Amino acid sequence: MTKRLNSKFKIDRSLGVNLWGRVKSPLNTRNYGPGQHGAKKKRLSDYCVQLKAKQRLKKYYGNIVEKQFRNIYKEAIRLKGDSNDNLIELLERRLDAVVYRMKIAPSVFAARQMVSHGHILVNGKRVNIASYKVSDNDEIALVPSMKENKNVLDAIASQEREVPEYVEFDSSSMKGKFLRAPKLVDVPYPVVIEPNLVIEFYSR
């Protein structure tokens, strides 16, 4: 078991949810938190409920650092429209998130690594910044040297998840497109995600 895989399993157990809907998650067999008191259910304060909602969303996208996540929140509340949908849209526009949605990476951590290693092209140009904001109709492609990569092919063939309708991907050309910004209801989260609680947490 790799250190990276082990870390994802620790996140699942600490949050008490199968955050990415993985078949191998320990929550599928041990549906409780770690430690001798992990199975006990406690009444949570409003603050704790909001904090857990923030942790779920933050960690779902590869455990984004706090400063960066707070800046995403600040931008979400500055934009017009529903702040909850704005927050989700900004997270889904991240290049590593788009690569993950296209199913060319088995996890958002692997997607971030692909981007940082320079394996992703945006409109024909190499981009190695995971937080790069993708625009509507941007074309996302793998560099030619990665098109026969076993991990990529295995991820595409996986039945664990599907490509959502706001993203398109052609496995023959290994190219895709970010079609539009999604709303919360469009994003295929395998667990309950509550951006309203995240907004409340930061606006205290």
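The values are calculated or read from the model by the stated rules, or taken from the named source; none is laboratory data. Nothing here was measured: the structure is a model prediction, and the numbers come from that model. Note that we place each Cβ from the backbone using ideal geometry, even for glycine, and neighbour counts take in every protein chain shown. These area figures cover heavy atoms from the full protein model, side chains too; ligands, DNA and RNA do not enter into them. Shrake-Rupley method; radii C 1.70, N 1.55, O 1.52, S 1.80 Å.
Name the one entry in Glu148, Glu139 that is in a loop (DSSP other than H, G, I, E, B) and acidic (Asp, Glu).
Working: Glu139 fails: in a loop (DSSP other than H, G, I, E, B).
Just a single option satisfies the conditions, and that option is Glu148.
For region 177-191: of the residues being part of a loop (DSSP other than H, G, I, E, B) and either among the small types (Gly, Ala, Ser) or in contact (Cβ under 8 Å) with a residue 60 or more places away in the chain (or both), which is most open to solvent (accessible area, probe 1.4 Å)? Break it down into steps so the answer makes sense when it comes.
Keep residues of region 177-191 that are part of a loop (DSSP other than H, G, I, E, B), which gives 179-183, 187-191.
Cutting the leftovers down to either among the small types (Gly, Ala, Ser) or in contact (Cβ under 8 Å) with a residue 60 or more places away in the chain (or both) gives us 181-183, 187, 189-191.
On the way: Ala181: 25, Pro182: 2, Lys183: 106, Val187: 12, Tyr189: 34, Pro190: 66, Val191: 27 Å².
Looking at the filtered set, the residue picked out is Lys183.
Taking region 88-130 as the region of interest, how many residues are of a type in the set (S, T, N, Q) and closer than 19 Å to Pro188 by Cβ? Write out each step before concluding.
First, the residues of region 88-130 that are of a type in the set (S, T, N, Q): 107, 113, 116, 123, 128.
From what is left, the residues that are closer than 19 Å to Pro188 by Cβ are 107.
Adding up the residues that qualify gives 1.
Quick one: which of Asn196, Asn137, Asn151 is over 30 Å from Cys48 (Cβ atoms) and either touching a helix residue (DSSP H, G or I) at 6+ places or on another chain (Cβ under 8 Å) or modelled with pLDDT under 95 (or both)?
Only one candidate passes the filter, namely Asn151.
Restricting attention to region 121-176, which residues are of a type in the set (Gly, Ala, Ser) and either in contact (Cβ under 8 Å) with a residue 24 or more places away in the chain or exposed (fewer than 13 other Cβ atoms within 10 Å of the Cβ) (or both)?
As a first pass, look at region 121-176 and keep what is of a type in the set (Gly, Ala, Ser): 124, 130-131, 135, 141, 145, 155, 157-158, 171-173, 176.
Residues satisfying the conditions are Gly124, Ala130, Ser131, Ser135, Ala141, Ser145, Ala155, Ala157, Ser158, Ser172, Ser173, Gly176.
Could you count how many residues in region 61-70 are out of contact with any Phe, Trp or Tyr (no Cβ under 7 Å at 6 or more places or on another chain) and assigned to a helix (DSSP H, G or I)?
Result for region 61-70: 4.
Regarding Glu89, is this residue in contact (Cβ under 8 Å) with a residue 24 or more places away in the chain, within 19 Å of Lys177 (Cβ to Cβ), open to solvent by 20 Å² or more (accessible area, probe 1.4 Å) and assigned to a helix (DSSP H, G or I)? Even if it seems obvious, please write down each step before you answer.
Values: in contact (Cβ under 8 Å) with a residue 24 or more places away in the chain: yes; within 19 Å of Lys177 (Cβ to Cβ): yes; open to solvent by 20 Å² or more (accessible area, probe 1.4 Å): yes; assigned to a helix (DSSP H, G or I): yes.
Answer is yes for this residue.
Each row is one residue, and each column tells you yes or no for (1) part of a helix (DSSP H, G or I); (2) closer than 24 Å to Arg161 by Cβ; (3) open to solvent by 70 Å² or more (accessible area, probe 1.4 Å); (4) without any contact (Cβ under 8 Å) to a residue 60 or more places away in the chain.
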| residue | (1), (2), (3), (4) |
| --- | --- |
| Val49 | yes, no, no, no |
| Lys54 | yes, yes, no, no |
| Ile72 | yes, yes, no, yes |
| Gly81 | no, no, no, yes |
| Asp85 | yes, yes, no, no |
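In the list Leu57, Leu44, which residue meets the criterion of being modelled with pLDDT of 70 or more and over 20 Å from Tyr189 (Cβ atoms)? Spell out the reasoning first.
Values: Leu57 fails: over 20 Å from Tyr189 (Cβ atoms).
Matching residue, one of Leu57, Leu44: Leu44.
Restricting to region 92-116, and then to whatever is of a type in the set (D, E, K, R) and not in a helix (DSSP H, G or I), can you tell me which residue is surrounded by the most Cβ atoms within 10 Å (Cβ to Cβ)?
Within region 92-116, the subset of a type in the set (D, E, K, R) is 92-94, 96, 101, 103, 112.
If we keep only those that are not in a helix (DSSP H, G or I) too, we end up with 93-94, 103.
Details: Arg93: 20, Arg94: 25, Lys103: 22.
Selected residue: Arg94.
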